[in-house]
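Remarks on the structure that follows.
The values are calculated or read from the model by the stated rules, or taken from the named source; none is laboratory data. Not measured: the values here are computed from a predicted model. So basically every Cβ, Gly included, is an ideal-geometry build from the backbone, and we count neighbours across all protein chains shown.
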Amino acid sequence: MNKTIAFIVRDPLPAKRADLLTLFGHELPRYGIYSALIGQAATEGGALSWRAGPLSVVGAFSRRFSSVMTPLWDMVGLWRVLRGNSIDCIQVRDKIASGLCALIVARILRLPYVYWMSFPIVEGYGVRARDLGNSHGRFVALAHRLRAAISRWVFYSLLLRNADHIFVQSEAMLDWLAGKGLPKARMTPVPMGVDRDLFQRELVLPVKDPRFLGRRVIVYVGVLGRARQSVFLLELLIALRSAEPDVLLVLAGDAVSPDERDWIRREVASRELESHVLITGWLSQSEAIRYALAAEVALSPVPRGELFDVSSPTKLIEYMALGVPSVANDIPDQQLVIERSGAGLCVQMTVPAFCEAVLHLLRNPDLRQHCSEVGPKYVSNERTYDRLGADVADAYKRLWQQQDVI
């Protein structure tokens, strides 16, 4: 029997994230689990579609005061979905005010309430409050500290405590929440994965760029920015260049905002690295993986701390699926993946440690070949969305069975 989830999402629509587009849009419908997607459009106007169920879009991120209006928009979108469809569950992803409103609606309608936590958003508010306090004065800092404090109480004491089930991003996030008193039996870790059909090395042609000729190409695929400590990649390049003068760092991606895009290019120029760095700018996923395949070694440095230690980075899994030997740092999910797969090296996020690991891979073709062989096998067995979809579907089915018993 088919089931439908009313799913309020944080990401702008149309959906682009793989764990939303592939998992909910393609894999879960195989198990008869559909989703009515609710959220805001990336911009005003434009056609939107969602192949796995109804779509209710109210508001747009481009509108003025959009962050204030979001809970109201989400409730209008939820009302539209509930009015026109048979709904078996209400689920919210990474929203606090909307999550509280949806919890109330779920309890009134006696529907299961699920929270999907892909990011420690409350801790993010705390970090932002501290950052603003250093640069914007006491009043702004106080307002943001108050927001963080209220959000923390609502999130942990109301939303998560009263959720019938919680999907979390990683085993590390599950353990972290369990340490706050939440029962492990009500949580399911869903780490980031890849689309098996897209990430098949034999079907992807590496980029053929004349700038790569005679170079030792290393690659980083993803977002650049200050918060991600992207200058680390440049400092690493300087250290590598003294041992491998022909090294070329390909940054397959860009910064999100114009000021950050200017910033990273200024950082490259100030270090006189223009002939050793290629910033591609934003690419489609299919084009970005072609750049990854052209590299000998791929990089996945993720800053340690309360925001990222419980994350599940996608890029390392994508590198492995493509058979690209990788160097990653020791946040828990990356360390677990490297240890279980043997598809790369895991070190602390320091320039000397990364430099040594990259050079070790560059100078050992047999080790690179081994990584290329074991990476795709591990991802195929553990981290493709068809595999993850089966686990997620089982979690939903157990939830509905428990509700039927009650």
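Could you tell me whether any residue of segment 306-325 is assigned to a helix (DSSP H, G or I), aliphatic (A, V, I, L, M) and surrounded by fewer than 17 Cβ atoms within 10 Å (Cβ to Cβ)?
No, segment 306-325 contains no residue that is assigned to a helix (DSSP H, G or I), aliphatic (A, V, I, L, M) and surrounded by fewer than 17 Cβ atoms within 10 Å (Cβ to Cβ).
Surrounded by fewer than 16 Cβ atoms within 10 Å (Cβ to Cβ), farther than 16 Å from Tyr220 by Cα and in contact (Cβ under 8 Å) with a residue 40 or more places away in the chain: is that true of Arg266 in this structure?
Against the criterion (surrounded by fewer than 16 Cβ atoms within 10 Å (Cβ to Cβ), farther than 16 Å from Tyr220 by Cα and in contact (Cβ under 8 Å) with a residue 40 or more places away in the chain), Arg266 does not qualify.
Could you count how many residues in segment 326-337 are crowded, with 24+ Cβ neighbours inside 10 Å, under 19 Å from Ser372 (Cα atoms) and among the aliphatic types (A, V, I, L, M)?
Counting residues in segment 326-337 that are crowded, with 24+ Cβ neighbours inside 10 Å, under 19 Å from Ser372 (Cα atoms) and among the aliphatic types (A, V, I, L, M) gives 3.
Could you list, ordered by first residue, the pairs with Cβ atoms under 9 Å in which the first is in segment 275-290 and in the same structural domain as Val324 (by TED's automatic domain parsing) and over 9 Å from Ala252 (Cβ atoms) and the second is of a type in the set (Asp, Glu) and part of a helix (DSSP H, G or I), at least 6 apart or interchain?
Short answer, once both residue conditions are applied: Gln285/Glu318.
Inside segment 173-185, can you point out the residues that are in contact (Cβ under 8 Å) with a residue 12 or more places away in the chain and surrounded by fewer than 15 Cβ atoms within 10 Å (Cβ to Cβ)?
Matches in segment 173-185: Lys180 only.
Among the residues of segment 311-336, write down those that are among the β-branched types (Val, Ile, Thr) and out of contact with any strand residue (DSSP E or B) (no Cβ under 8 Å at 6 or more places or on another chain).
Step one: filter segment 311-336 for residues among the β-branched types (Val, Ile, Thr), giving 314, 317, 324, 327, 331.
Residue satisfying the conditions is Ile331 alone.
Could you run through segment 176-222 and say how many residues are closer than 28 Å to Tyr156 by Cβ and within 19 Å of the chain's Cα centre (by Cα)?
Number of matching residues: 9.
Scan (1) surrounded by fewer than 16 Cβ atoms within 10 Å (Cβ to Cβ); (2) under 22 Å from Asp209 (Cβ atoms); (3) among the small types (Gly, Ala, Ser) for the single condition Ala292 breaks and write down its number.
Among (1) surrounded by fewer than 16 Cβ atoms within 10 Å (Cβ to Cβ); (2) under 22 Å from Asp209 (Cβ atoms); (3) among the small types (Gly, Ala, Ser), Ala292 violates only (1).
If the Cβ limit is 6 Å and pairs must be 6+ apart or interchain, which residue in segment 4-23 that is within 10 Å of Ile38 (Cα to Cα) pairs with which residue that is assigned to a strand (DSSP E or B) and of a type in the set (Gly, Ala, Ser)?
Between residues of segment 4-23 that are within 10 Å of Ile38 (Cα to Cα) and residues that are assigned to a strand (DSSP E or B) and of a type in the set (Gly, Ala, Ser), the close pairs are Ala6/Ala36; Phe7/Ser35; Val9/Gly39; Leu13/Gly39; Leu13/Ala41.
To keep it simple, each residue is scored yes or no on (1) among the hydroxyl-bearing types (Ser, Thr, Tyr); (2) more than 27 Å from Ser170 (Cα to Cα).
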site: Trp73; (1), (2): no, yes
site: Val81; (1), (2): no, yes
site: Ser86; (1), (2): yes, yes
site: Ile90; (1), (2): no, no
site: Ala97; (1), (2): no, no
site: Cys101; (1), (2): no, no
site: Val105; (1), (2): no, yes
site: Leu109; (1), (2): no, yes
site: Pro120; (1), (2): no, no
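If you go through segment 81-107 one residue at a time, how many are touching a Leu at 6+ places or on another chain (Cβ under 9 Å), over 15 Å from Asp164 (Cα atoms) and either at pLDDT below 95 or part of a loop (DSSP other than H, G, I, E, B) (or both)?
2
So which residues in segment 220-251 are assigned to a loop (DSSP other than H, G, I, E, B), within 17 Å of Leu361 (Cα to Cα) and touching a residue at least 24 places away in the same chain (Cβ under 8 Å)?
Glu244, Asp246
Filter segment 112-127 for residues that are under 14 Å from Leu160 (Cβ atoms) and of a type in the set (A, V, I, L, M) and give the result.
Val114, Met117, Ile121, Val122
Name the one entry in Ser242, Ser230, Ser300, Ser257 that is under 24 Å from the mean Cα position of the chain (by Cα) and surrounded by fewer than 19 Cβ atoms within 10 Å (Cβ to Cβ).
Ser257
Please go through segment 141-198 and give me each residue that is among the polar types (S, T, N, Q) and within 20 Å of Tyr125 (Cα to Cα), ordered by number.
Correct list: Ser151, Ser157, Gln169.
Output yes when any residue across segment 199-212 is assigned to a loop (DSSP other than H, G, I, E, B) and more than 21 Å from Ser286 (Cβ to Cβ), and no when none is.
no
Of all residues in segment 1-49, which are more than 27 Å from Phe199 (Cα to Cα) and among the polar types (S, T, N, Q)?
Answer for segment 1-49, where residues must be more than 27 Å from Phe199 (Cα to Cα) and among the polar types (S, T, N, Q): Asn2, Thr4, Gln40, Thr43.
Kindly provide the set of residues from segment 1-22 that are at pLDDT 95 or above and within 17 Å of Asp94 (Cα to Cα), ordered by number.
Ile5, Ala6, Phe7, Ile8, Val9
Checking Asp88 against (1) of a type in the set (Asp, Glu); (2) under 16 Å from the mean Cα position of the chain (by Cα); (3) farther than 19 Å from Met69 by Cα, which single condition isn't satisfied?
With respect to (1) of a type in the set (Asp, Glu); (2) under 16 Å from the mean Cα position of the chain (by Cα); (3) farther than 19 Å from Met69 by Cα, Asp88 is out only on (2).
Taking the options Cys355, Cys371, name whichever one is assigned to a helix (DSSP H, G or I), touching a residue at least 60 places away in the same chain (Cβ under 8 Å), buried (at least 18 other Cβ atoms within 10 Å of the Cβ) and not acidic (Asp, Glu).
It is Cys355.
Within segment 315-348, track down each residue that is under 16 Å from Leu233 (Cα atoms) and basic (Lys, Arg).
If the condition is that a residue be under 16 Å from Leu233 (Cα atoms) and basic (Lys, Arg), then Lys315 is the only one that fits.
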